[in-house]
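S.K.: Here it is, the structure, as structure tokens.
The values are calculated or read from the model by the stated rules, or taken from the named source; none is laboratory data. Computed from a prediction, not measured in an experiment: that's the story for all the values here. Positions of Cβ are generated from backbone atoms using ideal geometry, with glycine treated the same way; all protein chains shown enter the neighbour counts. With ligands, DNA and RNA removed, areas are computed over all heavy atoms of the protein, side chains included. Shrake-Rupley method; radii C 1.70, N 1.55, O 1.52, S 1.80 Å.
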Amino acid sequence: MFSATNALGAGGQLFTINPASGVGTPGAVLGFGAVAADVRGLAFSAANVLFAINNTGPAGGLNPDDLFTINVAAGAGALIGATGLTALQGLDFAPDGTLYGWDITVGLVTIDPATGAATDVNPAV
């Protein structure tokens, strides 16, 4: 299991979480290029690729959420694309490979892991 700390303007860090004890072990320092690490969700794909939702932009206000992949050993993030949302707080893959996210204003969304584009699962609600 992984988690991330966020230190806006100073970068964040990956942590490995021991599921039995809950103890976190510091790992790689996160780097997302010109944007600060402000990770809101992490999920591994079936291919063992770590995906992240990063709240990209200056601190405060509604900033765009972008989909990244993260090199676990180096902490380097690679931008996949913009989700089109600003309040994503969770990320997970279903067994069939569908990437889901939870946005606090929209609700459940699917996210295209190739482009980052998010789609509301139930726009009528």
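S.K.: If we count every other residue with Cβ under 14 angstrom of GLY116's Cβ, Lys/Arg +1 and Asp/Glu -1, where does the sum land?
M.R.: So the environment of GLY116 carries a net charge of -3.
S.K.: Can you tally the net charge around GLY81? Count Lys and Arg as +1, Asp and Glu as -1, for every other residue whose Cβ sits under 15 Å from the Cβ of GLY81.
M.R.: Charge balance in the 15 Å sphere: -3.
S.K.: Long-range amide H contacts for ARG40: which residues qualify at under 5 Å (H placed 1.01 Å from N, peptide plane, sequence gap of 5 or more or a different chain)?
M.R.: ILE53, ASN54, ASN55
S.K.: Long-range amide H contacts for GLY31: which residues qualify at under 5 Å (H placed 1.01 Å from N, peptide plane, sequence gap of 5 or more or a different chain)?
M.R.: Under 5 Å from the amide H of GLY31: ALA76, GLY77.
S.K.: Now, a different point. With the dipole of the chain worked out from charges on the C-beta (+1 for Lys and Arg, -1 for Asp and Glu) around the Cα centre, which of THR25, GLY81, GLY41 lies farthest toward the positive end?
M.R.: Of the candidates, THR25 comes out farthest on the positive side.
S.K.: Next up: Quick one: net charge around ALA52, please, counting Lys, Arg +1 and Asp, Glu -1 for every other residue with C-beta under 14 Å from its C-beta.
M.R.: Every neighbour counted, the sum reads -3.
S.K.: Suppose accessible area is computed on protein heavy atoms with a 1.4 Å probe; arrange VAL23, VAL72, VAL39 from highest to lowest.
M.R.: Largest to smallest exposure gives the sequence VAL23, VAL72, VAL39.
S.K.: Report ³J(HN,Hα) in whole Hz for each residue of segment 92-106, in order, from the Karplus equation J = 6.51 cos²θ - 1.76 cosθ + 1.60 where θ = phi - 60°; Gly and Pro get x.
M.R.: Each residue of segment 92-106 in turn: 6, 9, 7, x, 7, x, 5, 8, 10, x, 10, 10, 5, 9, 9 Hz.
S.K.: What distance in nm separates the simple spin-label points at ASN48 and THR69, each placed 7 Å from Cα in the Cβ direction?
M.R.: The modelled label-to-label distance comes out at 1.4 nm.
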